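Here the structure comes first, spelled out in structure tokens, and everything after it is commentary.
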Amino acid sequence: MSKEFVIGSKVRVLALPPYVKTAEPMPMLRPPNVIHIGEEGIVIDRRPGGYWGIRFAKGAFLLDCQYIESTDIPPESHLE
């Protein structure tokens, strides 16, 4: 089951895929060292197949949901 992220939320890289694909109109494959484990980015869109477009410091890339986790803290529930 794929994870769901909110557009505009922050995510962190958990692991690096064998390569990364740029999130451009004409995507290119790049080596995985353009991003680093622990690097944070912002979700810009959802793509088919469980992929997410994420904006990092070095550009926007498509990552499968298994390689990222949300860093946004869920709102606390007010139990009385």
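The values are calculated or read from the model by the stated rules, or taken from the named source; none is laboratory data. None of the values given here were measured: they were computed from a predicted structure. A quick note on method: Cβ atoms are made from the backbone with ideal geometry, for glycine too, and the neighbour counts reach across all protein chains shown. Note: areas computed on protein heavy atoms with side chains; ligands, DNA, RNA excluded. Shrake-Rupley method; radii C 1.70, N 1.55, O 1.52, S 1.80 Å.
Remarks
- Pairs where the first residue, in region 59-73, is under 18 Å from Pro27 (Cα atoms) and the second is buried (at least 17 other Cβ atoms within 10 Å of the Cβ) and small (Gly, Ala, Ser), C-beta under 6 Å, 6+ apart: Ala60/Ala23; Ala60/Gly53; Phe61/Ala23; Leu62/Ala23; Leu62/Gly53
- For region 52-71, a residue qualifies if it is open to solvent by 100 Å² or more (accessible area, probe 1.4 Å) and under 13 Å from Val11 (Cβ atoms), and the qualifying residues are Arg55, Gln66.
- Enumeration of residues in region 1-38 that are hydroxyl-bearing (Ser, Thr, Tyr) and touching a Cys at 6+ places or on another chain (Cβ under 7 Å): Ser2
- Of all residues in region 34-47, one or more are open to solvent by less than 80 Å² (accessible area, probe 1.4 Å), over 16 Å from Ser70 (Cα atoms) and in a strand (DSSP E or B).
- Counting only residues that are touching a Cys at 6+ places or on another chain (Cβ under 9 Å) and either without any contact (Cβ under 8 Å) to a residue 40 or more places away in the chain or β-branched (Val, Ile, Thr) (or both), region 39-58 holds 1 of them.
- Under the condition of being part of a loop (DSSP other than H, G, I, E, B), in contact with a helix residue (DSSP H, G or I) (Cβ under 8 Å, 6 or more places away or on another chain) and open to solvent by less than 60 Å² (accessible area, probe 1.4 Å), the residues counted in region 13-32 number 2.
- Of the residues making up region 1-12, those that are assigned to a loop (DSSP other than H, G, I, E, B) and either open to solvent by 40 Å² or more (accessible area, probe 1.4 Å) or in contact with a His (Cβ under 9 Å, 6 or more places away or on another chain) (or both) are Met1, Ser2, Lys3, Glu4, Val6, Ile7, Gly8.
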